[in-house]
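Undergrad: One structure coming up, written as structure tokens, with questions to follow.
The values are calculated or read from the model by the stated rules, or taken from the named source; none is laboratory data. Bear in mind that the values here come from a model prediction, so they are computed numbers and not experimental data. Neighbour counts run over all protein chains shown; Cβ positions are idealised from the backbone, glycine included.
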Amino acid sequence: MTDIYTPSIDSLVSRLDIESESHHTTKGGILRIDLKLDDLRLWRETLAAMVVKPCNLLLACEDSDGALRDTRLTWVVGSAIRSGYINNPREICPLLESLGVTASLAAIVPQQCPGLGCDVTWAFYLERHGWLTASPVLSDDLTPVAFP
């Protein structure tokens, strides 16, 4: 895995609002892309502490034990952060659906998360109000000057 600041991430950064987020609405809910520096730092530290490698997904789940398909995504506070690995972006849709994300919401993830399943690790969790939140896990090289 190469966790560098890629041109695809650069295009994502250009679409952020003042809160360092972008929102994408479907009939099944809202995908929130979160690039807040504190959140990016937290995910980077979480990835560094992961024992299971290779890992290109971090998932905030209800349970830390058992098969991944037997748990659900949840909000981060009090959750079990599980690692995962996909070989290509298409594999994220059935995985997210098995974790409780609606099919229409899962379907927009590959287009909105550059590098997913390829060269960028992504972290996912569900907000309490049902939004799916995704953050890329970027290298230490990313500095605040890269953001609006």
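Undergrad: Taking the conditions exactly as written (modelled with pLDDT of 95 or more and within 18 Å of Ser8 (Cα to Cα)), does Ala123 satisfy them or not? Can you show your working first?
TA: Details: modelled with pLDDT of 95 or more: yes; within 18 Å of Ser8 (Cα to Cα): yes.
Considered against the rule, which asks whether it is modelled with pLDDT of 95 or more and within 18 Å of Ser8 (Cα to Cα), Ala123 comes out as yes.
Undergrad: Kindly indicate whether Ile30 is outside any loop (DSSP other than H, G, I, E, B), modelled with pLDDT of 90 or more, under 16 Å from Leu126 (Cβ atoms) and touching a His at 6+ places or on another chain (Cβ under 9 Å). Talk me through it step by step, then tell me what you get.
TA: Numbers: outside any loop (DSSP other than H, G, I, E, B): yes; modelled with pLDDT of 90 or more: yes; under 16 Å from Leu126 (Cβ atoms): yes; touching a His at 6+ places or on another chain (Cβ under 9 Å): yes.
The answer is yes for Ile30.
Undergrad: Restricting attention to the range 55-97, which residues are in contact with an Asp or Glu (Cβ under 6 Å, 6 or more places away or on another chain) and either hydroxyl-bearing (Ser, Thr, Tyr) or in contact (Cβ under 8 Å) with a residue 60 or more places away in the chain (or both)?
TA: Thr71, Thr74
Undergrad: Of (1) within 12 Å of Thr121 (Cβ to Cβ); (2) surrounded by fewer than 17 Cβ atoms within 10 Å (Cβ to Cβ), Arg41 satisfies all except one. Which?
TA: It is condition (1) that Arg41 fails.
Undergrad: Could I ask something else about it? Take the range 109-132 and flag every residue that is crowded, with 18+ Cβ neighbours inside 10 Å and either in a helix (DSSP H, G or I) or charged (D, E, K, R) (or both).
TA: Val109, the sole residue that qualifies.
Undergrad: Quick check on the range 51-75: of everything there that is surrounded by 14 or more Cβ atoms within 10 Å (Cβ to Cβ) and aliphatic (A, V, I, L, M), which residue is farthest from the chain's Cα centre (by Cα)?
TA: Ranking the candidates gives Leu68 first.
Undergrad: Being more than 14 Å from the chain's Cα centre (by Cα), surrounded by 11 or more Cβ atoms within 10 Å (Cβ to Cβ) and in a helix (DSSP H, G or I) is true for just one of Glu97, Glu19. Which residue is that?
TA: Unique residue meeting the criteria: Glu97.
Undergrad: Can you find even one residue in the range 76-90 that is buried (at least 17 other Cβ atoms within 10 Å of the Cβ) and at positive phi?
TA: Within the range 76-90, not a single residue is buried (at least 17 other Cβ atoms within 10 Å of the Cβ) and at positive phi.
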